[in-house]
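A short worksheet on the structure shown next.
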Amino acid sequence: MSDAPASATSDNPLLQAWQTPFETPPFDRVVPEHFLPAFEQAFADHAAEIAAITHDPATPDFANTIVALERAGKLLGRVSAVFYDLVSANSNPALLEIDKDVSMRQARHWNPIMMNAVLFGRIAALHENRATLGLTAEQMRLLERTYTRFRRAGAGLDDVAKTRMAEINERLAHLATTFSHHLLGDEQDWFMELSGDDFAGLPASFAASARAAATERGMDGKAIMTLSRSFVEPFLKGATRRDLREKVFKAFTARGDNGNDHDNNDVIVEILALREETAKILGFPTYAAYKLEDSMAKTPAAVRGLLERVWKPARARAMADRDALQQLIVEEGGNFALAAWDWRFYAEKLRQRRADFDDAAIKPYFTLDAMIDASFYTATRLFGLTFNERHDIPVWHPDVRVWEVKDADGAHKALFYGDYFARASKRSGAWMTSLRDQQKLDGDVAPLILNICNFSKGADGQPSLLSPDDARTLFHEFGHGLHGILSNVVYPSLSGTSVFTDFVELPSQLYEHWQEQPQLLQKFAKHYQTGEPLPDDLLQRFIKARKFNQGFATVEFVSSALIDLEFHSQPASASRDVRAFEKKELAKIGMPAEISLRHRPQQFGHIFSGDHYAAGYYSYMWSEVMDADAFGAFEEAGDIFDATVAKRLHDDIYSSGGSRDPEDAYIAFRGRVPEPDALLRRRGLLDTPEAA
């Protein structure tokens with residue numbers, strides 16, 4: 001993003017036609033001061049468009065109501081996409097201040113639209129008579145989703161309830177922004193300098209990344225530890241200094257829970273109370289019941305059933321592994337009990353013993369560039385896509401790379417942006433988003449798809465080396481990316497990832513399977529120094545080790561999903577003390593003391609930095625039931641790139657967006673509903689002894 005002074009509103013690049021390749025955002029010309037004027041114009045334009053639809057004297061029909069709504073708000077969508085990309089991937093104090101203001105303005109703008117009784121009356125009339133309108137399947141789906149969206153936003157409420165809902169929405173918008181800013185603040189403030197024997201047990205690539213992180217923070221010549229997960233995970237696995245592992249682990253798990261200006265406990269309490277009130281206003285007993293009504297799962301009971309089905313064998317496996325890790329400590333002469341900051345370290349030792357494998361051995365073969373190439377190659381083999389890097393597309397940071405994506409016929413399909421490295425200006429985690437969605441309502445609009453990650457950067461000209469988990473994350477996010485790239489729908493609201501939360505992870509988690517396939521690794525996993533391919537014996541040890549420590553990984557995830565479900569199923573009064581609630585719920589499920597939640601509440605951005613995954617963190621596991629079963633279609637065909645299966649995958653899953661019911665889409669691809677035990681089989685949790 002440019003540091004040049006802002007020009008007059010008339011010269012605001014956000015309000016001009018973009019004279020860039022493929023009409024991409026001119027990031028090199030945008031400064032923070034451009035955003036508020038652009039948002040003001042966008043809100044005004046959109047309000048006028050909505051007023052025209054609402055007061056159209058013509059009898060409501062699909063074109064003048066539903067299609068008109070699809071066409072409304074283009075400028076707002078364009079400005080919002082650029083703004084939120086920068087806030088999450090390359091923020092600065094000016095943007096974060098604007099974000100506080102904009103989040104409130106967004107709520108105040110959307111509340112009167114989504115609760116507009118006259119507009120909803122037009123939509124409801126069409127919905128009631130939908131069988132007589134002669135709609136296509138996609139049009140019928142759009143009408144149903146539009147009606148559902150307005151109904152669930154409170155459009156059918158009385159005026160008193162609407163007023164209260166509007167107040168709640170504004171406050172929740174403010175609280176979600178506050179939560180994410182607090183989390184980012186704790187992550188930006190903390191670092192730990194490393195030197196000498198602090199690096200004991202860690203590979204040279206980690207030291208290089210630590211030096212690069214210091215340079216990125218203006219600390220040339222030093223090396224630092226940050227709270228990026230891509231730093232924390234390898235440190236906890238490899239560092240022999242137990243005191244430093246404890247320090248890093250406690251800092252990582254205390255983000256948002258330090259009693260400082262960034263503390264999120266009070267924010268969580270208020271969010272939960274307001275969500276509960278929202279559910280009650282809309283006629284639901286709990287917020288979980290409200291959220292899950294519009295999902296594949298449908299009910300909290302269905303979610304709890306899945307999570308408990310997985311929890312029992314996962315906990316049993318984790319408890320057995322815990323005993324083995326403690327025995328390892330004793331054998332080495334340790335006189336301490338296994339703690340949460342020890343688990344990964346001793347698990348790596350146990351994996352070396354049982355499978356003769358550790359991450360450090362394979363990491364030199366997993367360069368970032370090679371794994372990007374592998375993800376592209378897979379898309380080429382499955383879907384005929386090709387990728388050509390472009391250097392003429394404006395980007396928001398020098399590290400961002402852009403590829404033009406073409407289809408099997410050589411026609412332009414999309415642009416794909418990859419922003420892979422951790423930095424202080426970027427929030428933690430990895431995600432996919434878009435700057436523009438595919439649609440055919442007004443011409444054949446090609447999407448602009450983003451993958452944002454937080455991998456450690458190599459230093460001194462060395463490549464970035466990925467752990468197996470990092471490589472899996474890259475494939476996961478690119479699976480989401482393909483969901484956006486391959487989208488082939490008419491209407492913007494149904495484009496790409498605009499599907500139920502517990503279906504949206506299917507394309508991403510399914511794509512992870514290809515990353516661990518031997519024929520792919522043999523082709524792309526080459527040593528970054530020698531160029532030698534991954535040795536066959538190391539490959540076989542990697543494959544053997546894949547299911548190792550799955551009890552830990554599953555317990556870490558499922559416990560977080562259960563906490564999310566309980567936060568939104570129990571009365572808000574039960575969680576007025578967030579720490580006490582967390583402790584009580586973990587005791588109830590028998591959480592091993594040596595394992596921490598993957599996301600403690602105070603840093604659980606999935607569910608508190610917005611409501612997309614609220615009461616929905618289970619979605620990753622719900623989708624895993626499908627993805628574990630879905631990859632079986634390729635295995636049964638005897639070819640992981642089978643053309644017939646790949647075509648069904650393209651047509652029924654990746655390209656259909658939200659234009660059809662997800663269960664129908666899955667059955668069309670697989671020929672049946674998913675087989676539940678595929679998930680347990682994939683994780684190696686079938687036939688696990690019962691826990692004591």
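Structural remarks
- Selected residue (criterion: nearest to Leu435 (Cα to Cα)) from residues of the range 391-418 that are of a type in the set (Val, Ile, Thr) and assigned to a strand (DSSP E or B): Val402
- Residue-level analysis places Asp373 outside the set of residues that are in the same structural domain as Asp642 (by TED's automatic domain parsing), surrounded by 16 or more Cβ atoms within 10 Å (Cβ to Cβ) and in contact (Cβ under 8 Å) with a residue 60 or more places away in the chain.
- Test: residue in the range 318-327 that is assigned to a helix (DSSP H, G or I), within 15 Å of Met591 (Cβ to Cβ), among the hydrophobic types (A, V, I, L, M, F, W, C) and in the same structural domain as Leu597 (by TED's automatic domain parsing): yes
- Residues that are of a type in the set (Ser, Thr, Tyr) and either on the phi > 0 side of the Ramachandran plot or outside any strand (DSSP E or B) (or both) within the range 420-477 comprise Ser425, Ser428, Ser456, Ser464, Ser467, Thr473, listed in sequence order.
- When Phe548 is tested against the conditions (1) part of a helix (DSSP H, G or I); (2) closer than 28 Å to Arg315 by Cβ; (3) among the hydrophobic types (A, V, I, L, M, F, W, C), the lone failure is (1).
- The set of residues from the range 176-232 being acidic (Asp, Glu), more than 25 Å from Asp261 (Cα to Cα) and in contact with a helix residue (DSSP H, G or I) (Cβ under 9 Å, 6 or more places away or on another chain) comprises Asp198, Asp220.
- Within the range 236-248, the residues that satisfy the criterion of being closer than 14 Å to Lys349 by Cα and out of contact with any Lys or Arg (no Cβ under 7 Å at 6 or more places or on another chain) are Gly238, Thr240.
- Some residue of the range 501-521 being surrounded by fewer than 19 Cβ atoms within 10 Å (Cβ to Cβ) and without any contact (Cβ under 8 Å) to a residue 12 or more places away in the chain: no
- Only helices (runs of 4 or more DSSP H) whose full extent lies in the range 616-692 are considered here, and the ones with at least 2 residues that are of a type in the set (Gly, Ala, Ser) and in contact with a Phe, Trp or Tyr (Cβ under 8 Å, 6 or more places away or on another chain) are 619-637.
- Count of residues meeting criterion [surrounded by fewer than 17 Cβ atoms within 10 Å (Cβ to Cβ) and either small (Gly, Ala, Ser) or closer than 25 Å to Pro25 by Cβ (or both)] in the range 402-414: 6
- Taking the range 596-613 as the range and being among the small types (Gly, Ala, Ser) and over 13 Å from the mean Cα position of the chain (by Cα) as the test, only Ser596 passes.
- All positions within the range 31-53 that are more than 28 Å from Trp396 (Cα to Cα) and surrounded by 17 or more Cβ atoms within 10 Å (Cβ to Cβ): Glu49, Ile50, Ile53
- Verdict on Gly632 being out of contact with any Leu (no Cβ under 9 Å at 6 or more places or on another chain) and on the phi > 0 side of the Ramachandran plot: no
- Failed condition for Gly283, given (1) assigned by TED's automatic domain parsing to the domain that holds Asp564; (2) surrounded by fewer than 20 Cβ atoms within 10 Å (Cβ to Cβ); (3) part of a helix (DSSP H, G or I): (3)
- Against the numbered list (1) under 26 Å from the mean Cα position of the chain (by Cα); (2) within 26 Å of Asp399 (Cβ to Cβ), Arg105 comes up short only at (2).
- For the residues Ala360, Ala340, the requirement of being in contact with a helix residue (DSSP H, G or I) (Cβ under 8 Å, 6 or more places away or on another chain), assigned to a helix (DSSP H, G or I) and either crowded, with 16+ Cβ neighbours inside 10 Å or not assigned by TED's automatic domain parsing to the domain that holds His650 (or both) singles out Ala360.
- Residues in the range 80-94 that are in a helix (DSSP H, G or I), over 28 Å from Lys162 (Cβ atoms) and under 22 Å from the mean Cα position of the chain (by Cα): Ala81, Val82, Asp85, Leu86, Val87, Ser88, Ala89.
- On inspection, Tyr417 does not qualify as among the aromatic types (Phe, Trp, Tyr) and surrounded by fewer than 20 Cβ atoms within 10 Å (Cβ to Cβ).
- Verdict on Ile168 being within 23 Å of Thr65 (Cα to Cα), outside the structural domain of Glu293 (by TED's automatic domain parsing) and in a helix (DSSP H, G or I): no
- Neighbours by Cβ (under 7 Å, 6+ apart or cross-chain): first from the range 107-131, at negative phi and assigned to a helix (DSSP H, G or I); second among the charged types (D, E, K, R) and modelled with pLDDT of 95 or more: Ala107/Glu170; Arg108/Glu170
- Set side by side, the residues Leu435, Leu465, Leu448 differ, and just one is closer than 17 Å to Lys363 by Cβ and either under 19 Å from the mean Cα position of the chain (by Cα) or buried (at least 19 other Cβ atoms within 10 Å of the Cβ) (or both), which is Leu465.
The values are calculated or read from the model by the stated rules, or taken from the named source; none is laboratory data. Note that this is a predicted model, so its numbers are computed, not measured. So basically every Cβ, Gly included, is an ideal-geometry build from the backbone, and we count neighbours across all protein chains shown.
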